[in-house]
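The values are calculated or read from the model by the stated rules, or taken from the named source; none is laboratory data. Since we're looking at a predicted model, the values are computed, not measured. Here Cβ is always computed from backbone atoms with ideal geometry, including for glycine, and neighbour counts include all displayed protein chains. These area figures cover heavy atoms from the full protein model, side chains too; ligands, DNA and RNA do not enter into them. Shrake-Rupley method; radii C 1.70, N 1.55, O 1.52, S 1.80 Å.
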There are 2 protein chains.
Amino acid sequence: MTAGFERLAINHATVPRWTTEEVIAGAARAGYCAVGLWRDRIAECGAGRAARLAHAAGLNVSSLCRGGWFCAPDALGRRARMLDNFRAVDEAAELGASVLVLVCGPSSTKDLETGRRQVAEAVVELADYAASLGIPLAIEPMHPLYCGDRSVVVTLEQAITLARSVTAHHVGVIVDSYHLWWDPLLATSISDATGRIFGFQIADWLAPPPDPLHGRGMLGDGTIDLRRFRELVDATGYSGPIEVEIFNPSVWALDPDHALQLIGARYLEHVA
Amino acid sequence: MTAGFERLAINHATVPRWTTEEVIAGAARAGYCAVGLWRDRIAECGAGRAARLAHAAGLNVSSLCRGGWFCAPDALGRRARMLDNFRAVDEAAELGASVLVLVCGPSSTKDLETGRRQVAEAVVELADYAASLGIPLAIEPMHPLYCGDRSVVVTLEQAITLARSVTAHHVGVIVDSYHLWWDPLLATSISDATGRIFGFQIADWLAPPPDPLHGRGMLGDGTIDLRRFRELVDATGYSGPIEVEIFNPSVWALDPDHALQLIGARYLEHVA
């Protein structure tokens, strides 16, 4: 591991030109501590092979992206979603992932409260299955920008309340600077999340936002005080990986090895 | 006024191809009750002339957009911003506008708390001047999507707290469905705003969002339960204009008279 990179992890979505095998090899070369992997990309090589490669490279799998997408207009549709989530838990187990990330939405009707109730019921059911395999679940509160097409869980406070509603302690939250930085209750909410922070992702916020889906910023290019954000999370006792997840065509256009070097340098300058 | 349109108002930003004179004439033709006007567009004809035209057409001026933009790195910069806000109050008075809308940000540093403190201090100072001319100020909480480039006030609860921190009762809030619909505390916050709702704007939320700045949706085209939103606002006792403000190139491309007819029909179907 590179000095100073003891907590630095890369999410595959930041370097999508690489295969799962390549992101594991590349992260090891760059001296990172862990990789966050995606189900659709793991399908290329198989979860067992990805687990062996990561282990051999000395890397943890800091997250599996992603379960969730629980809502559907009818019970049959919701059952299909749940079965897919069971498979996601299986894959997380085979992969040895630290956590399965949950996208909690979108609502299938204009009534967000119905969507939120369906999410809460699904998390309870999935938690039972995940517990049987020892897989922690992490609810990801997403920026309100995604409320219509991804997640009805949009604030950290809401995510914590949902996580705590499941009595088992293997349901927590992912905090992501991009999703949460704007919240006037940020400091209080992070403090409230003590003991339930199961993962930590970072990207910067570009202003004005260039594109809702692909406009996340390279560390240091945007408006977020990333170091303060990290200090707030650390103050809860979280000492796990800090996973860089940047959806941005200009980052994707870089040579992936170069992207990991740039991210490493920016991480030391703006985050660590 | 057209039957059913007793509360329907048009914001000039929805039909920017028209001049201020044209939007007043067009709104009267379409049987709307009021117009929301913009400072940069009023400059074309003068506030006094716009006031006389609106009065002659039997229209109220439901809002003047917009004051605010209070933050700056130094005191001299903040003073320049305040002087411009004094001018905005003068224009609102000349125009006979029901309210001056305030955009509360963006922060000039990565420290959002500093930005929020500068906003709070500026609102207090501006309120004194506005009170002397009898102009109500309306803080507009904006979607967190705009936190980096427009407003550090992103939730209704935050806007109400800020409005209440000014003891005078001529500081309130604007509620806008596009900015607020995602909030898990929406119903409670609207109820808390009782007596402080000085304006009400609507647009739909398109999913996935097509463009951060110009992606507001025609009523009924998106994910917001606009009728429930209106009922929540009405339940506070607010009975003023409902101003349609849609920033969207596909709406702008319509013949403006046709746009007003379409909006009227959609308003009756989805809002009234």
Rounded to the nearest 0.05, what FRET efficiency do B:Gln261 and B:Leu213 have when you use their Cβ-Cβ distance and R0 = 30 Å? 0.70
In peptide A:156-163, how many Cβ atoms from other protein chains are near each Cβ within 10 Å, on average? 1
The size of the Cβ-based charge dipole (Lys, Arg +1; Asp, Glu -1) of the range A:5-69 about the Cα centre, to the nearest 20 debye, is 60
Scoring only Lys, Arg, Asp and Glu (+1, +1, -1, -1) among other residues with Cβ under 9 Å from the Cβ of A:Glu245 yields -1
Using the alpha-carbon centroid of each, what span in Å lies between the range B:125-149 and the range A:1-26? 45
For the protein assembly as shown, just the Cα set please: Rg and Dmax, both in angstrom. 24.9, 80
Plugging the Kirkwood radius over Cα pairs into Stokes-Einstein for the range A:19-122, at a temperature of 37 °C and a viscosity of 0.692 mPa s, what D comes out in µm²/s? 224
Modelling each spin label as a point 7 Å along the Cα-to-Cβ direction, I'd like the B:Ala253/A:Glu231 distance in nm, to one decimal. 4.9
What is the distance in Å between the Cα centres of the range A:174-212 and the range B:220-270? 32
Kindly provide the Kirkwood hydrodynamic radius of the range B:97-246 in Å, to one decimal, from all pairs of distinct alpha carbon atoms. 15.6
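What FRET efficiency would be calculated for the residue pair B:Ala57, A:Ala272, taking the C-beta separation as r and a Förster radius of 45 Å, to the nearest 0.05?
The computed FRET efficiency comes out at 0.15.
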Can you list the residues of the range B:144-183 with backbone N under 17 Å from a point 7 Å past the Cα of B:Thr194, pointing along Cα to Cβ? B:157, B:160-161, B:164, B:173
Over what distance in Å are the Cα centres of the range A:47-64 and the range A:79-101 separated? 16
Scan chain B and report its longest stretch carrying no GluC sites (Glu not before Pro) that are both in a DSSP loop and have at most 14 other Cβ atoms within 10 Å. B:45-272
Please give the per residue accessible area of chain B, computed with a probe of 1.4 Å over protein heavy atoms only, in Å². 36
Peptide B:138-150 - average C-beta neighbours from other chains (10 Å radius): 5
Out of the total accessible area of the protein assembly as shown (probe 1.4 Å, heavy atoms of protein only), what percent is carbon and sulfur? 54
What's the local net charge at A:Ala72, with K and R +1, D and E -1, over the other residues with C-beta under 9 Å away? +2
Between B:Ile224 and residues 5 or more places away or on another chain, the pairs with built amide H atoms under 5 Å apart involve B:Trp205
Interface A-B: total buried accessible area (1.4 Å probe, Å², nearest 100) of 2300
